[in-house]
Amino acid sequence: MRAHAAIWATLTLMMAAAPALAAPTCWDRAGHVVRCGTAGAGPVGAALTPDQDAARLAIPTYRLSARQAFALAAVVGGLFALIALMPRFNGRWDDD
């Protein structure tokens, strides 16, 4: 019962803590996050245009080269080989 009280007290104190305040976000003309007050930064609190925001959130296309695909297959195959070479475990460490 004391463990439950300690858990609830800890959770209550964590929820009552003040959140940390972050610095404001500023954007440059290309849609990158930059430190406010630097050259090229927009005003504090200004939002990107919808076109800039969509371009920033777009998923870039990425293709694996043949070398990267071979390396990935070798790593995954090596992991499977290590798992296949593991000894049997019957629920106890002693197989006597």
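The values are calculated or read from the model by the stated rules, or taken from the named source; none is laboratory data. For clarity, every value in this text was computed on a predicted model and none was experimentally measured. We place every Cβ from the backbone using ideal geometry, glycine too, and count neighbours over all the protein chains shown.
What number of residues within region 32-52 satisfy the criterion of being farther than 18 Å from residue 22 by Cα and assigned to a loop (DSSP other than H, G, I, E, B)?
4
Would you say residue 64 is assigned to a loop (DSSP other than H, G, I, E, B), surrounded by 11 or more Cβ atoms within 10 Å (Cβ to Cβ) and either of a type in the set (Gly, Ala, Ser) or modelled with pLDDT of 80 or more (or both)?
Here the answer is no, as residue 64 does not meet what is asked.
So for region 1-11 (the condition being loosely packed, with under 10 Cβ neighbours inside 10 Å, without any contact (Cβ under 8 Å) to a residue 24 or more places away in the chain, out of contact with any Leu (no Cβ under 7 Å at 6 or more places or on another chain) and not in a helix (DSSP H, G or I)), does at least one residue qualify?
Scanning region 1-11, I find at least one residue that is loosely packed, with under 10 Cβ neighbours inside 10 Å, without any contact (Cβ under 8 Å) to a residue 24 or more places away in the chain, out of contact with any Leu (no Cβ under 7 Å at 6 or more places or on another chain) and not in a helix (DSSP H, G or I), so the answer is yes.
Which number in (1) of a type in the set (Val, Ile, Thr); (2) modelled with pLDDT of 85 or more; (3) surrounded by 11 or more Cβ atoms within 10 Å (Cβ to Cβ) marks the one condition that residue 25 misses?
(2)
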